[in-house]
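Chemist: Mind looking over this structure? Questions follow.
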C-alpha cells in the first residue's frame, strides 16, 4: 500500500461529527409532507448538537440533492438559515453520485484554503416529487412538455431505456446467474439485519422529529421504513422483470438526509470526540461505460482508481457499493474477482433504499465507522451516476497524527 497517497493533503473528515436520518421508503412517513430542504437544515442542526459540534464553527455549506424542492433556487444559503447559522455555500448535483461528489467538493474547498470547516448536507425526497412545465420553443404550444422526476428514473433520453433495462443489459453481457444474484440480495438483507441488531447503526443513524411550518410534530423518523425480511424461497419465486431483476433484487425509492464535516487536520482534532482517528482522502475516479450499461460503470471506475494508485483489492479494508440492483455487486465481484460477501458488511442501499442525494453520503459514513471498528485501513466507496457513469473514491482511516 502506498502510504504517501493523498488527494487532498490538507483535508480531513473529523471522526464522529456525522449522522444520517433513517431512510423511510417513498410515501411511508411524515417526510412526504414537508419541505425537504428545510427539514435537512433543521436535522443537521440537531445532529451537530448531538455530536457536540458548535454550528458556529461552520465557514461554508455544500448541499446536494437531485429532486426539485420548493425554494431550491436559494439553495445552500437558505438551508444554512434553516440550520440556524447564516453562511454561504452552493448546491451540487450528479444523480446518484451526488452524496460522494459533495464530500469531494468540500475537501477541495479546504485544500484550496478557501474555507477551513465545510459542512456537507445531502438530502432528497422522492415522495410527491414535483411535475415541471417546460417551454418548448420548437412547438406551436410552448408549454406542452411536462416532466416528472419519475419519468427521469424510467427513461434515459440518450438511449430511451429505463434503469431496470440497463441492469438486464449488464446481466446479459456478463452472463450472470439469477440464483447467484438472488444469493447476493439475500446476503445483503442478512447483513443489514445483523448490523442493526449489533447496535452499529445507532452510531450512524439519528432519530429525527419531522415538524410542520408551525413547528408542530408530524412524526418521528426512527426506522428505515420499507425494509423487508426476505427469504431465499421468496426471492426465487418472484417474477423476473429483466434478466436477474425482480422486486427483491432491486432497491426502492426513499426519503432522507445525511451530513458530515470536512476540515483541516488541526480543526479535526478539535472537533472530533476521538481526535486520534485520522481520515484522509486518497483518490477518486469516474468512468463512463457504453450506453445503457449502468451496473458496469462503478466497477470500471474502481479499476481506474486502482490503476491510478497502484493498489489492489487486497489493500482495501472496507468496500461499500451503492447497489440499486444486486447485479451491480455481481458484476463487481466477477470482474475484480472479489468475494461479494466481503462487500457492504454493514448494510447498503439495495436494502435500506435510495433517496438519491444522500445515498452515497450514508454509504461513506457507514464505511468509515466500519473501518474504525476494524482498526483502520482503506475504505472504497463506489456507485453509479445515472445511465452509464460510475464513481469510486478511496479514503484512509488511521490512528495517530498524519498531518
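No value in this document is a laboratory result; all are computed from the given coordinates. What you see is a predicted model; the values in this text were computed from it and never measured. A quick note on method: Cβ atoms are made from the backbone with ideal geometry, for glycine too, and the neighbour counts reach across all protein chains shown.
Chemist: Over the range 223-285, what per residue volume does the convex hull of the Cα atoms give, in whole Å³?
Modeler: About 204 Å³ per residue, rounded to a whole number.
Chemist: Report the calculated FRET efficiency for residue 266 and residue 105 (r = Cβ-Cβ distance, R0 = 35 Å), to the nearest 0.05.
Modeler: E(calc), rounded to 0.05, equals 0.95.
Chemist: Which percentage, to the nearest 5, of the DSSP beta bridges contained in the range 289-398 is antiparallel?
Modeler: 55 percent
Chemist: Can you tell me the FRET efficiency between residue 217 and residue 6 if r is taken as the Cβ-Cβ distance and R0 is 41 Å, rounded to the nearest 0.05?
Modeler: Details: r = 45 Å, r/R0 = 1.09.
The calculated FRET efficiency here is 0.35.
Chemist: Then there is this: Taking 0.36 nm per intervening residue step and subtracting the Cα-Cα distance, what contour gain separates residue 342 from residue 197 on full extension?
Modeler: Gain on stretching residue 342 to residue 197: 50.3 nm.
Chemist: While we're on this one: Summing -39500 (n - 2.57) over the DSSP H runs of n ≥ 4 in the chain and dividing by its residue number, what mean residue ellipticity at 222 nm do you reach, to the nearest 500 deg cm²/dmol? Walk me through the numbers on the way to the answer.
Modeler: Values: 12 runs with 133 residues, N = 403.
Helix-only estimate at 222 nm: -10000 deg cm²/dmol.
Chemist: Return the FRET efficiency for the residue pair residue 180, residue 151: r is the Cβ-Cβ distance, R0 is 30 Å, and the value is rounded to the nearest 0.05.
Modeler: In this case the efficiency is close to 0.40.
Chemist: Quick one: of the DSSP bridges fully inside the chain, what percent are antiparallel, nearest 5?
Modeler: Values: 43 of 61 bridges.
If I count the DSSP bridges inside the chain, around 70 percent turn out antiparallel.
Chemist: Relative contact order for the chain: what is it in percent, counting Cα pairs under 8 Å that are at least 6 residues apart?
Modeler: 27 percent
Chemist: Using Cα pairs closer than 8 Å and at least 6 residues apart in sequence, work out the relative contact order for the range 165-312, in percent.
Modeler: With pairs under 8 Å counted, the relative contact order is 29 percent.
Chemist: Follow-up question, since we're still on this one. Applying a 10 Å radius around every beta-carbon, put 184-195, 256-267, 228-239, 287-298 in order of their mean neighbour count, most first.
Modeler: The densest-packed peptide leads the list: 256-267, 287-298, 184-195, 228-239.
Chemist: If you don't mind, another one. Short version: what are the Cα gyration tensor semi-axes of the range 179-271, square root of 5 times each eigenvalue, largest first, in whole Å? Show your work: numbers first, answer last.
Modeler: On the way: eigenvalues 229, 83, 37 Å².
They are 34, 20, 14 Å, listed from largest to smallest.
Chemist: From the alpha carbon gyration tensor of the range 241-362, can you work out the equivalent ellipsoid semi-axes (sqrt of 5 times each eigenvalue) and give them in Å, largest to smallest?
Modeler: Value: 28, 20, 13 Å, ordered largest first.
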